[in-house]
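Working notes, structure below.
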Amino acid sequence: MVSAFQKALKSGKFVITCEAAPPKGTNLKRMAHDIELLKDKVDAINVTDHQSSVMRFPSLGGAMLVKELGGEPILQMTCRDRNRLALQADLLFASYMGIHNVLCLTGDSIMLGDHKEAKAVFDLDSSQLLGVVRKLEEGKDISGNDLDGGVSFCAGGIVTPEADPLEPQLIKFEKKIEAGAEFIQTQAVFDLDRFKKFMEYAGQFNVKILAGVILLTSAPMARFMNNNIAGVFVPQDLIDEMASAPKGQVLTKGIEIAGRMIKRIHEEKMCDGVHIMAINKEELVPDIMSAAGLI
Amino acid sequence: MIRSITQPKAEKEIDLLLSGSGRIFIIGCGTCVTLTRTGGEPEVRAMQERLSGKGKLITGHLVVPVACDNLTTDALAEYGHQIDQADTLLIMTCAFGVQTIARQLKKMVVPALDTLFMGKETAAGEFTEICTQCGTCIIGETGGICPVTSCHKGLVNGPCGGTDSGKCEIDKRKDCAWTMIYNRLMDLGRLDSMRRLQPPRNHLGEPTPGKMILSEK
């Protein structure tokens, strides 16, 4: 079975994905509002899995909501909270529920979240989870036992093209492709000349690349991300540009920067699409797309 | 040498554990906890002073040479009278020592320390975890550096995305195991070893609780 997202990736169009974060609690109103707003404008919506290790409504439930509202969900799954039994079981359930896109992640440290004393699992890693998806598709669990009823997924992973040192990340990137990744979303990119260099390397693999673009909401937020968010490195000139925005115009400036970056990625055909991360401001994704000239 | 690395429990926790005890005998150890300054002679004396100040009667104290060794039996026998007078033993050794002592004396034991990890002294006053005794050693493929122990997430296929400048996402004082492994394998001309996709780990080395009987081997 080919998912709508998989179809979009194969079509050669400039693919756009974004995120929807499940709430802390059971009030899904805001999430549903964001999904309604975004579902027809983007090719798929990632549903995050206890992002930054903060306990929330599950990504599986969030992905079901996207599906229910007529959107195309990408189920984010981390290896932090579930062992191989639970991960396989959730993949069976997701596929049964019509969720056919999965983004396999290792997951942030438990210590970064709001349940610091919890036991971290990491029974599998992101590349092994991709292998699990492919094994289940063959009709077997990873112990080799037959499944009664199969699954089908468009599966992907992530890479951090601005990591230092980069080479160990690239080795892992290649392992993810070997394990069965069809698409790779990148962690936030800011230095597009550097990203072009990364694409000269990544372009040789049979995998679709979506460049990660984060909406900067203020100069302090950019500095906070540099100090606190794993794998995000905002350059000083962008922080200065955010700081130079007149009062009341800061968010507009952030939208302009994100739109400008997406526009350049699109126009210069750097990669297959973008993954827009407008953390807690998902409703601004259409404005970013508009600033990029995409709608 | 393998060292058991400990840190003192909070005074509040020790006080709570000792709340029903009036007469206490304190035991330290001359080996690992002396090195880490958590249960040697000076720490035992300081504890004695603190607890006396709180109105506890300290019936005596002893720093055994190696608390986890069977010879501890003889050392304890010498202090039999003072130990008998105590209702609780406050033990300032690692958990090996606490359990070795608890097995021999019919007394409630209260550990004064938390045992953090098995490691070694990697610089003066700096201790690093080396092995978690997982039972399925994989360091033949990682240049002798253990990612199960030295990577915060125990990853076996390379770094996570949180690593930065060779450091771990949880603590900049901690090296990223996979940066170290990458550098080591590159020096050895063996990066091919890191490129191999490792299957899910075998966690069935020896099911907890570990036990080995040589005659059954």
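Summary table
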item: All aspartates and glutamates inside 18 Å of residue B:217 as judged from Cα atoms, apart from same-chain residues fewer than 8 positions distant; result: B:206
item: Residues of the protein assembly as shown: accessible area per residue with a 1.4 Å probe, Å²; result: 48
item: Long-range amide H partners of residue A:245 with built H, under 5 Å; result: none
item: Cross-link partners of residue A:39 among aspartates and glutamates (Cα-Cα below 20 Å; sequence separation of 8 or more within a chain); result: A:19, A:49, A:68, A:72, A:272, A:282, A:283, A:287
item: Gyration tensor (Cα) of the stretch B:3-116, equivalent ellipsoid semi-axes in angstrom; result: 19, 17, 12
item: Spatial separation of Cα centroids for the stretch B:3-37 and the stretch A:199-244, in angstrom; result: 48
item: Inter-chain Cβ neighbour average for residues B:161-173, partner chain, 10 Å; result: 5
item: Percent carbon-and-sulfur accessible area, the protein assembly as shown, ignoring ligands, DNA and RNA, probe 1.4 Å; result: 53
item: Flagged links, alpha-carbon separation over 32 Å, of A:7/A:29; A:176/B:174; A:13/A:175; A:67/A:247; A:281/B:153; result: A:67/A:247
item: Simple Cβ-charge dipole of the stretch A:157-295, Lys/Arg +1 and Asp/Glu -1, about Cα centre, in debye nearest 20; result: 140
item: All-pairs Cα distance distribution in the stretch A:4-291, expressed in whole percent, bin size 10 Å; result: 6, 29, 38, 22, 4, 1, 0
item: With at most 12 other Cβ atoms within 10 Å, longest stretch of chain A clear of loop GluC sites (Glu not before Pro) (DSSP); result: A:139-267
item: Interface size B-A, as summed buried accessible area [1.4 Å probe, Å², nearest 100]; result: 2400
item: Shielded by partner chains, the stretch A:159-186 residues - at least 50 Å² of accessible area, 1.4 Å probe, vs chain alone; result: A:164, A:168, A:169, A:171, A:172, A:175
item: Candidate aspartates and glutamates for bridging to residue A:140, where Cα separation is under 14 Å - those fewer than 8 sequence places away on the same chain excluded; result: A:148
item: Charge dipole magnitude, Cβ of K and R +1, D and E -1 - the protein assembly as shown, Cα centre, debye nearest 20; result: 300
item: The stretch B:44-67 versus the stretch B:178-217: alpha-carbon centroid distance in Å; result: 43
item: Kirkwood-Stokes translational diffusion coefficient of the protein assembly as shown, alpha-carbon pairs, 4 °C, 1.567 mPa s, µm²/s; result: 50
item: Kirkwood Rh (inverse of mean 1/r, distinct Cα pairs), the stretch B:131-195, angstrom; result: 11.9
item: DSSP H segments from chain A that extend 24 Å or more along their own axis, Cα-based, with Kyte-Doolittle mean of 1.0 or above; result: none
item: List A:102, B:66, ordered by accessible area with a 1.4 Å probe, largest first; result: B:66, A:102
item: Amide H contacts under 5 Å for residue B:28, placed H, 5+ residues apart; result: B:62, B:63, B:64, B:92
item: For the stretch A:99-231, Kirkwood radius (reciprocal of mean inverse C-alpha pair distance, Å); result: 16.7
item: Selected from A:181, A:243, A:94 as most flexible by GNM, with chain A as the system and alpha-carbon contacts under 10 Å; result: A:243
item: Most to least packed among A:41-52, B:170-181 [average Cβ atoms within 10 Å]; result: A:41-52, B:170-181
item: Candidate residues B:44, A:250: accessible-area rank, largest first, probe 1.4 Å; result: A:250, B:44
item: Computed over the stretch B:3-116: relative contact order in percent, which uses C-alpha pairs under 8 Å that are six or more apart; result: 36
item: Total charge dipole magnitude, the stretch B:131-195, about the Cα centre, Cβ charges on Lys, Arg, Asp, Glu only, Debye to nearest 20; result: 100
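The values are calculated or read from the model by the stated rules, or taken from the named source; none is laboratory data. These numbers come from a predicted model, not from an experiment. A quick note on method: Cβ atoms are made from the backbone with ideal geometry, for glycine too, and the neighbour counts reach across all protein chains shown. Quick note on the areas: whole protein, heavy atoms, side chains included, nothing else; ligands and nucleic acids left out. Shrake-Rupley method; radii C 1.70, N 1.55, O 1.52, S 1.80 Å.
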